[in-house]
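Encoded as structure tokens, the structure appears first; notes follow it.
What follows is calculated from the coordinates using simple rules that are stated; it is not laboratory data. Small disclaimer: the values here were computed from a predicted structure and weren't measured. Because the Cβ atoms are built from the backbone with ideal geometry, glycine has one as well, and the counts that use them run over all protein chains shown.
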Amino acid sequence: PEDTVTSSFASFIHGARPEHLSQTVRQRSKRMILDSIGVGLVGSTTRVFDIALRYCRLYSSVAVSSVYGKPGVKLSPTLAAFTNGVATHSMDFDDTWHPATHPSGAVLPALLAASQMLPPNTKPNGLDFLLAFNVGLEVQGRLMHFSTEAHDIPKRFHPPSVVGTLGSAAATAKLLSLSSAQCCHALGIAASLAGAPMANAATQAKPLHVGNATRLGLEAALLAARGMEANPLILDDIPGCSGFSAFYSIYQPKPLSTPGEHHEFLLEKQDIAFKRFPAHLGMHWVVDAALSVRNLFINYAGSFCPSLIRTIMLKIPVSKYINRPFPSSEHQARHSFQFNACAALLDGEVGLGSFSESSIHRQELRELLDKVVVEHPEDNVANFDKMYGEVALLLHSGDVLAGKCDTFYGHWRKPLSKESLLKKFRSNASHVLPEEKIEAIITLVDNLENLSDSSQL
């Protein structure tokens, strides 16, 4: 059918051209690519990545695609995409957009794997790669805007497992130069492979959501390229028969305009949030608030002295899966308002080492956690564009010290500087790569439009 929501998305994927990407979109997406590679590299040092890699190496297949942090190790394209997607989300260190999802990790590993899969004479160049990446971002962003439910911190499905799967399918379909009809079927196939429940947040299974999104989107595009068909109305709202609407209780799809003069990419309008430390995005508000009040406390008392504190009051939005008073594992700690606030108060920072087993189970940290009381002000909504974090210290003396953060450094309203982003990338990549290779990647991504063979990434 023509003139449907689904056909408009397929036409957009097929018809997008490099000249449709503004300089702003190119620069912002290159920042995302660089950050995502760095996050994937440091993620390749985690236990959950090791489990995923050992699982994938059980299978004998055409091993042509590289794995983050493992020189000489190659897997089949789909398994490499899966493994690298797991690495990207293994520490919850990857970028976040609004409405809430992790866009890069669901797309980039699929494109990296597909670039290595293609024969030498058909390798996409860097500009083709950059365009495909942005097509994958745009599809995710537009799908998220179909439901008001998607604007809030999720309760049912983990967004990257839903929109990320279709974003990966769209990006790969673009990289493979599929026809408009094949792009339509790729989206339909991907919808049947999408969705993961929020109950697995704060467990080792959560990184699988991003790994599966990028892998299954790639598979959907490969199946469509080989002639598999799916419902050509998968994104439309058809009464009595759920398509993509199955993931949302409120669903109002809109056609995607043809790329060109009348289409502005979402990345043009809104930047991405980059995380300064490896934890759920909501933690960044309470950490900045905690660091602010910690400075006040040191000025007040001369040093940080926990014995002077009677109560630690957190004012946070209602979100059950990130309200964890006493986390017992690294993944729970990454999803705990209480832990991140107390770690920031105690150490003056939150970083990679904050989530080690020895750090989590420190007696002095546990004593601080015992003092935490949570409030949920009505004006503090569970929405990454509207929420705030507030930390107040009620002292035994009767004095009260408070810090509040409504926009943390790294949020799309307060983006990381180039220097901060490069510092993060270099720090992450240094866990597995020598300095010369780190600098080579920075140069490669910065000049991506001029790269003749994107598989060099």
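Results, tabulated for the structure shown:
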item: Charge dipole (the chain, unit charges on Cβ, about Cα centre) - positive-most of Phe304, Val318, Phe337; result: Phe304
item: Whole-Hz ³J(HN,Hα) from phi, Karplus 6.51 cos²θ - 1.76 cosθ + 1.60, for the stretch 200-208, glycine and proline x; result: 8, 5, 6, 10, 5, 6, 4, x, 5
item: Where a label projected 7 Å from the Cα of Thr122 along Cα→Cβ would reach, residues of the stretch 166-210 with amide N under 19 Å; result: 169-187
item: Net charge, Phe274 excluded, C-beta distance under 12 Å - Lys, Arg +1, Asp, Glu -1; result: +4
item: Distance violations [Cα-Cα > 30 Å] among Lys275/Lys437; Lys155/Lys269; Lys254/Lys423; Lys320/Lys404; result: Lys254/Lys423
item: Net charge over other residues, Cβ less than 14 angstrom from the Cβ of Ala196 (K, R count +1; D, E count -1); result: +4
item: Residue-wise HN-Hα coupling along the stretch 264-278, computed from phi with Karplus coefficients 6.51, -1.76, 1.60 (Hz; x: Gly, Pro); result: 10, 4, 4, 5, 5, 7, 9, 6, 9, 8, 9, 8, 8, 9, x
item: Translational diffusion coefficient (Stokes-Einstein; Kirkwood radius from C-alpha pairs) of the chain at 10 °C, 1.306 mPa s, in µm²/s; result: 71
item: The chain: angle of helix 435-446 to the longest principal axis, Cα-based, in degrees nearest 10; result: 60
item: The stretch 1-24 and the stretch 283-297: distance between their alpha carbon centers, rounded to Å; result: 43
item: The stretch 213-224 - phi-based ³J(HN,Hα) in whole Hz, Karplus 6.51/-1.76/1.60, Gly and Pro as x; result: 4, 6, 5, 6, x, 4, 4, 4, 5, 5, 5, 5
item: Pairwise centroid distance, computed over Cα atoms, of the stretch 339-393 with the stretch 130-194, Å; result: 33
item: Prolate/oblate/rounded call for the stretch 281-405, Cα gyration tensor, a/c under 1.5 rounded; result: oblate
item: Set of aspartates and glutamates near Lys418 by C-alpha distance (under 16 Å), chain-local residues within fewer than 8 positions excluded; result: Asp35, Asp95, Asp271, Glu439, Asp446
item: Proximal lysines relative to Lys371, as straight alpha-carbon distance under 17 Å, when same-chain residues fewer than 8 apart are discounted; result: Lys315
item: About the Cα centre, charge dipole magnitude for the stretch 281-405 (Lys/Arg +1, Asp/Glu -1 at Cβ), debye; result: 120
item: Label point at Asn447 placed 7 Å out along Cα→Cβ; residues across the stretch 6-49 whose backbone nitrogen lies under 18 Å; result: 27, 30-31, 34
item: C-alpha long axis of helix 159-175 to longest principal axis of the chain, angle in °; result: 40
item: Residues whose placed amide H lies under 5 Å from that of Phe384, excluding near-sequence neighbours; result: Ile153
item: Dipole magnitude of the chain, debye to nearest 20 (Cβ charges: Lys/Arg +1, Asp/Glu -1, about Cα centre); result: 840
item: Separation of alpha-carbon centers, the stretch 217-264 and the stretch 26-53, rounded to whole Å; result: 28
item: Within the chain, helix-based [θ] at 222 nm, where runs of 4 or more DSSP H residues each add -39,500 (n - 2.57), nearest 500; result: -14000 deg cm²/dmol
item: Helix 108-117 vs. the chain, principal-axis angle (Cα, 0 to 90°, nearest 10); result: 40
item: Estimated Rh, the stretch 226-296: Kirkwood, alpha-carbon pairs, angstrom; result: 17.2
item: In range of the label at Ser257: residues from the stretch 144-184 whose backbone nitrogen is under 20 Å from the point 7 Å along Cα→Cβ; result: 144-147
